[in-house]
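Reading through the structure tokens given below for one structure.
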Amino acid sequence: MTVKTLIASATAAVMAVAAVPAAAEYPERPVTVIVAWGAGGSTDTMARIFANYIGEDLGQRFVVENREGAGGEIGWTALANAPADGYTVGLINSPSFESKGIVRDDVGYDMEDIRPLVNVVTDPGVLAVAADSPYETLDDFVAAAKENPGELSVSHEGVGGDDHLAALDFTDKAGIDVNFVTFDGNAEATAALQGGHIDAFEGNMSEVANQIENGSVRALAVWSSDRMEAIPDVPTGQEQGYDVISAASRGFAVPADLSEEQYNTLLEAARGVIENEEFRAELAELNMPVVPIYGEDFVEFLENNRETLETLWEKDPWIEQ
């Protein structure tokens, strides 16, 4: 082979390599984050903060899209049906996410169609009343409910959610009957409470911690095993003789068929966000306890929850309560 031919061959080889397109780095465009609840609540707020951090880390915008309704089902159905291309992530709330398929056979999504990614926050439940409510203590509320069966109204976000199940557990152990009122998000419920449209709010600590601190809302109990740092003066249900423990776990998930490469990219980015002290400080300001559960551990956590809920359902169905 002549030197001229050798040079020509080498040049052709270099040009051929150059002609092969470089592998695209994920993500190449903005990612949609489906939130199955309305804007302004703690779930939406946490999602937006997380989206800002993970978007900065991965170099693309993560854009929150609120798809509220049916106690989360509309948003989770949209997530399950989204293309598994890495450009749709969804926020899931436990135990609402697991309970839908137990309550009904015609739910729009199946848990197997959605792959959990990471849990971020675990937010304990509270029962609260407006500041001008006549009920100063949990026992006051119970006494009034016993005197007026079915008349006192209590909010929740949907059948089978943590607040609904906590309220059922409490009313069962207290031996009272109340009127449940469903809202598409705790932001609506707290507004209804302060507007005098409901007697009590059953929801999560982060939704009302600031109102408790400024005196516009009075918490009668927190459904945790110990008092919470954010609301140290609020007694637990157990302290008052009601053995109720309840919390909402909020995390992120993706369509089940997402590639392992993209799943791992999102998982590692999520880990980086959760380990970021600035992110944790922002959530602490909002009274949201960060309790990370990653990858397959989160999958197992939700599967175990579902098994527990199935057992409860078989014992005492809550669909008509």
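Bear in mind that the values in this text are calculations on the coordinates, not laboratory data. All values derive from a computational prediction rather than experimental measurement. Here the Cβ positions follow ideal geometry from the backbone for every residue, glycine too, while neighbour counts run over all protein chains shown.
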Long-range tail of P(r) for segment 124-240 (Cα pairs > 17 Å, %): 48 percent
Among Trp76, Trp223, Trp37, which one shows the biggest mean-square fluctuation in a GNM of the chain, springs joining Cα atoms closer than 10 Å? Trp223
How do the peptides 139-149, 45-55, 84-94 rank, highest first, by the average count of neighbouring beta carbon atoms within 10 Å per residue? 84-94, 45-55, 139-149
Please give me, ordered by residue number, the GluC sites (Glu not before Pro) of segment 261-317 that lie in loop per DSSP and have at most 16 other Cβ atoms within 10 Å. Glu275
Can you check what the net charge comes to around Asp163, using other residues whose Cβ is under 9 Å from the Cβ of Asp163 (Lys, Arg +1; Asp, Glu -1)? -3
Surrounding net charge for Ala230, when Lys and Arg each add one and Asp and Glu each subtract one, Cβ distance under 11 Å: -4
Antiparallel bridges, percent of DSSP beta bridges restricted to segment 124-240 (to nearest 5): 60 percent
Summarise the long-distance tail of P(r) for segment 157-226 by giving the % of C-alpha pairs beyond 20 Å. 26 percent
Share of antiparallel DSSP beta bridges in the chain, in percent to the nearest 5? 65 percent
